[in-house]
Amino acid sequence: MLESLCGNKNVQRILLFLFVNGRCYGTQLHRSLKTSLTPLQKALNRLEKGGIITSYYEGKTRLYHFNPAYPLLAELELLLRKAYTLLPAHEKKDYYVVKEDHLKKSMNPESKIQVLLAFWEKLMNVRQLTFHAKSKSKEDRGWNGKGKGEVVVSREVGNILVFNEKGSWQGKQGKEVSFSNVFRWTLDRYAGVISLEHLRRGPDSPVFLFHLAPTGGHSLSSVDSHLCEGDTYFGQIQFDPHSLRLNWRVIGPKKNEEIDYYYS
């Protein structure tokens, strides 16, 4: 879509990847985009020489991200956001990096079921939540702030849990407002997934968000991107014996946001 403007398909794909994930490294792009490493490295060098991206090292890994001093960064983000929203749903998923843990490659169907059940057990014991939301847009049109609240978990049938969440939200201006949410989690052992729905319209008109499938010994990720009123939703979960983290990524015509839920 932007290939003619960028002059290079790899440049276009790198820019979209950075827009969605914030940073990248060469072999990560190679795996995610299924493209040879050498042309990707050349495209990264070209973008860095042009001042659009910059890099730094974490150990021996060279990481790239947008150059905050680039004078047209806000305008570039608007263009990339528009281009991303016009991609087919299956291509949007290609640009989203799943945070994998070390057990993913060795997981068999039985191991995946064990992860699902371990996560389900964690869900049943949730009582509190805290969350942080931030806009990744230079225009700052999104919402930024933090919140906390209580969670009442009800079990409708053996494979359905409903979260009734109530608490307070504090935006960046410092003003506190109350909030309430109702989410429904459904375990499907045969399909190997857990679905998440928002019940803001009531239990008979749920808003489907995504299916979550195991990606490691303590992690799940959305199976595919979900489109809701023009916005694309992705989700990832990491859990341990003490808490679980649900990371939301929302990208749309007027949104570029990330939300971290911490349940305990």
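The values are calculated or read from the model by the stated rules, or taken from the named source; none is laboratory data. This is a predicted model, so every value here is computed, not measured. Backbone-built Cβ (ideal geometry, glycine too); neighbour counts: all protein chains shown. Protein only, heavy atoms only, side chains kept; ligands, DNA and RNA dropped before computing areas. Shrake-Rupley method; radii C 1.70, N 1.55, O 1.52, S 1.80 Å.
Quick notes on this one:
- Condition met for PRO39 (exposed (fewer than 12 other Cβ atoms within 10 Å of the Cβ) and at pLDDT 90 or above): no
- Residue in the range 125-138 that is more than 21 Å from the chain's Cα centre (by Cα), modelled with pLDDT of 90 or more, more than 19 Å from ASN247 (Cβ to Cβ) and open to solvent by less than 60 Å² (accessible area, probe 1.4 Å) present: no
- Residue, surrounded by the fewest Cβ atoms within 10 Å (Cβ to Cβ), within the range 236-260, restricted to residues that are at pLDDT 85 or above and farther than 20 Å from GLY145 by Cβ: ASP240
- In the set (1) at negative phi; (2) at pLDDT 85 or above, GLY51 fails one condition alone, (1).
- Scanning the range 74-85 for residues that are more than 20 Å from the chain's Cα centre (by Cα) and surrounded by fewer than 14 Cβ atoms within 10 Å (Cβ to Cβ) turns up ALA74, GLU75.
- Hits in the range 1-15 - residues which are at pLDDT 80 or above and under 13 Å from ILE52 (Cα atoms): VAL11, GLN12, ILE14, LEU15
Rundown of residues vs (1) at pLDDT 90 or above; (2) β-branched (Val, Ile, Thr); (3) farther than 24 Å from PRO253 by Cα, yes/no style:
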site: ARG31; (1), (2), (3): no, no, yes
site: LEU44; (1), (2), (3): yes, no, yes
site: LEU47; (1), (2), (3): yes, no, yes
site: LEU87; (1), (2), (3): no, no, no
site: HIS90; (1), (2), (3): no, no, no
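- Filter result (at pLDDT 85 or above and surrounded by fewer than 13 Cβ atoms within 10 Å (Cβ to Cβ)) within the range 139-161: GLU150, VAL152, SER154, ARG155
- Hey, LEU5 open to solvent by 40 Å² or more (accessible area, probe 1.4 Å) and without any contact (Cβ under 8 Å) to a residue 40 or more places away in the chain or not: yes
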